[in-house]
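The values are calculated or read from the model by the stated rules, or taken from the named source; none is laboratory data. Only a predicted model underlies this, so the values are computations on that prediction, with no experimental measurement involved. Note: ideal-geometry Cβ built from the backbone for every residue, glycine included; neighbour counts use all protein chains shown. Side chains included, ligands, DNA and RNA excluded: accessible areas come from the protein's heavy atoms. Shrake-Rupley method; radii C 1.70, N 1.55, O 1.52, S 1.80 Å.
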Amino acid sequence: MEYRVHARRIDAHGSLAVAKEAEVTLDTDLAGRRDAMNPVELLLAALAACMLKGIERVTPMLHFQVDGAEVALEAVRQDAPPKLTLIRYEIIVNSAETDQRLDLLHRNILKYGTISNTLSGALPLEGTLRRASGCG
């Protein structure tokens, strides 16, 4: 399987990435932009999408009931050389499944995620999957 994205500079304040029929405005302004994601935020968004898509992929196979899910992520960056050194995440699911089943879901999300597997080879991914408050 191959993926394609085309990105182009609009001006000194931003760029545009296109894949299929989707467009994403990129924060490539040295001063930053509030209305677009910068490269690190895009990477975190890709990881979040990977995890959420993983939930969609594995819940039918596991006959797992999920009524909602969200992912919160943060990255730790060092300055010299500039690189990410750690990504922390928390997956929150609205589900009445047992703790053992939640653990199984978490393991499967990480095991079958293209982005999570790629990133975990480059830096530590630390996180948890927990039940949303008021569930179970």
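Values computed for the structure shown
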item: Derived scalar couplings ³J(HN,Hα) [region 69-77; Karplus, 6.51 cos²θ - 1.76 cosθ + 1.60; whole Hz; x for Gly, Pro]; result: 7, 8, 10, 10, 10, 8, 10, 9, 10
item: 5 angstrom amide H check on residue 132, placed H, neighbours 5+ away; result: 93, 94, 95
item: Accessible area per residue, Å², region 1-59 with all protein chains present, probe 1.4 Å; result: 75 Å²
item: Whole-percent carbon and sulfur share, accessible surface of the chain, 1.4 Å; result: 53 percent
item: Spin-label proximity, residue 132 to region 58-100 - amide N less than 14 Å from point 7 Å beyond Cα toward beta carbon; result: 65-72, 91-97
item: Over region 81-127, volume per residue of the alpha carbon convex hull, in Å³; result: 79 Å³
item: With Cα atoms, 0 to 90° folded angle of helix 39-62 axis to the chain main axis; result: 30 degrees
item: Theoretical FRET efficiency, 1/(1+(r/R0)^6), r = Cβ-Cβ of residue 103 and residue 42, R0 30 Å, to 0.05; result: 0.50
item: Mean Cβ count within 10 Å, highest first, over the residues of peptides 24-30, 81-87; result: 24-30, 81-87
item: Amide H partners (placed H, <5 Å) of residue 26, local residues excluded; result: 15, 16, 17
item: Residue 86 long-range amide H proximity, modeled H, under 5 Å; result: 76
item: 21 Å Cα-Cα reach of residue 20 towards lysines, excluding residues that sit fewer than 8 places from it in its own chain; result: 53
item: Integer Hz, Karplus 6.51/-1.76/1.60 couplings in order for region 99-115, x for Gly and Pro; result: 4, 5, 5, 4, 5, 4, 4, 4, 4, 5, 4, 6, 5, 9, x, 4, 5
item: Antiparallel DSSP beta bridges within the chain, percent to nearest 5; result: 70 percent
item: Kirkwood estimate for the chain, i.e. one over the average of 1/r between Cα atoms, Å; result: 16.6 Å
item: Unit Cα scatterers, Debye sum, region 1-61: log10 I(q)/I(0) for q = 0.18, 0.20 Å⁻¹; result: -0.73, -0.85
